[in-house]
Amino acid sequence: MRCVLVGPPGAGKGTQAQFLAAHYSIPHISTGDIFRANLKAGTDLGNQAKSFMDRGELVPDSVTNEMVKDRLTHDDVANGFLLDGFPRNVAQAEVLRAILAEKKTPLHAVLEFSLADEEIIARLLQRAEIEKREDDKEDVIKRRLEVYAEQTAPIISFYRNEGLLISISAVGNIEDITANAISALSRLEQ
Ligand code: AMP
């Protein structure tokens, strides 16, 4: 199963990714998590990403694409992967398509978690209270939502045109959403 998860910040992608990765026994690759781990460890990559993350902007494609390209060479992706937070714009989607085409391992699906705008803000503010993430402050949240609408949302039509898009609602309890995702993905296997 090679799958990309898309959806606005706060749609619960990260949570769903963990359950789906466990279900399919494949790695959950979150570019946001990789950046945060690098920030914490004080690596060059972390330092390059910090100012963009703090402002809710995308880290430049040159940095992000190289990082993902490298991650996709690890042995654990042999049986598939769930990409969470990448691609974040059409240029990244094109790079991903090229990387996978070269390896002759194209994507099986792109799973979109959809959620109304009002619900997104409420969830992000709630998460800010719990996780104390630097980029969950109100003005940064606002910017991340703009960036999502302007730069990331266009990948949804990109993948719809590729015939890869599956949309499911991100509203409801976590177990039901996971079950809906698994059932939507299992229809692909038939
Ligand atoms: P996330 O945890 O996916 O919400 O990502 C947190 C932050 O990491 C984003 O607001 C961006 O600054 C950065 N980031 C994560 N993934 C990407 C990506 N694919 N391209 C550029 N920046 C990214």
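The values are calculated or read from the model by the stated rules, or taken from the named source; none is laboratory data. Because the structure is a prediction, the values reported are computed rather than measured. Every residue, glycine among them, receives a Cβ derived from its backbone with ideal geometry; neighbour counts consider all protein chains shown. The protein model used for the area step is the full one, side chains on, heavy atoms only, and it has no ligands, DNA or RNA in it. Shrake-Rupley method; radii C 1.70, N 1.55, O 1.52, S 1.80 Å.
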Q | Residue check for residue 25: modelled with pLDDT of 95 or more and within 8 Å of the ligand (Cβ to nearest atom) | A | no
Q | Condition met for residue 17 (in a helix (DSSP H, G or I), aliphatic (A, V, I, L, M) and within 21 Å of residue 170 (Cα to Cα)) | A | yes
Q. Out of (1) open to solvent by 10 Å² or more (accessible area, probe 1.4 Å); (2) in contact (Cβ under 8 Å) with a residue 40 or more places away in the chain; (3) away from the ligand (no atom under 12 Å from the Cβ), the odd one out for residue 110 is which?
A. (1)
Q: Specify which of the listed residues (155, 177, 168) is outside any helix (DSSP H, G or I) and open to solvent by less than 30 Å² (accessible area, probe 1.4 Å).
A: 168
Q) Among the residues of the stretch 80-92, how many are touching a Pro at 6+ places or on another chain (Cβ under 9 Å) and either exposed (fewer than 14 other Cβ atoms within 10 Å of the Cβ) or within 14 Å of residue 148 (Cα to Cα) (or both)? A) 2
Q) Hey, does the stretch 43-60 have a residue that's open to solvent by 40 Å² or more (accessible area, probe 1.4 Å), modelled with pLDDT of 95 or more, hydroxyl-bearing (Ser, Thr, Tyr) and more than 10 Å from the ligand (Cβ to nearest atom)? A) yes
Q.
Six or more apart or on different chains, Cβ atoms under 6 Å: show the pairs whose first residue is in the stretch 56-78 and touching a residue at least 60 places away in the same chain (Cβ under 8 Å) and whose second is polar (S, T, N, Q) and open to solvent by less than 80 Å² (accessible area, probe 1.4 Å).
A. none
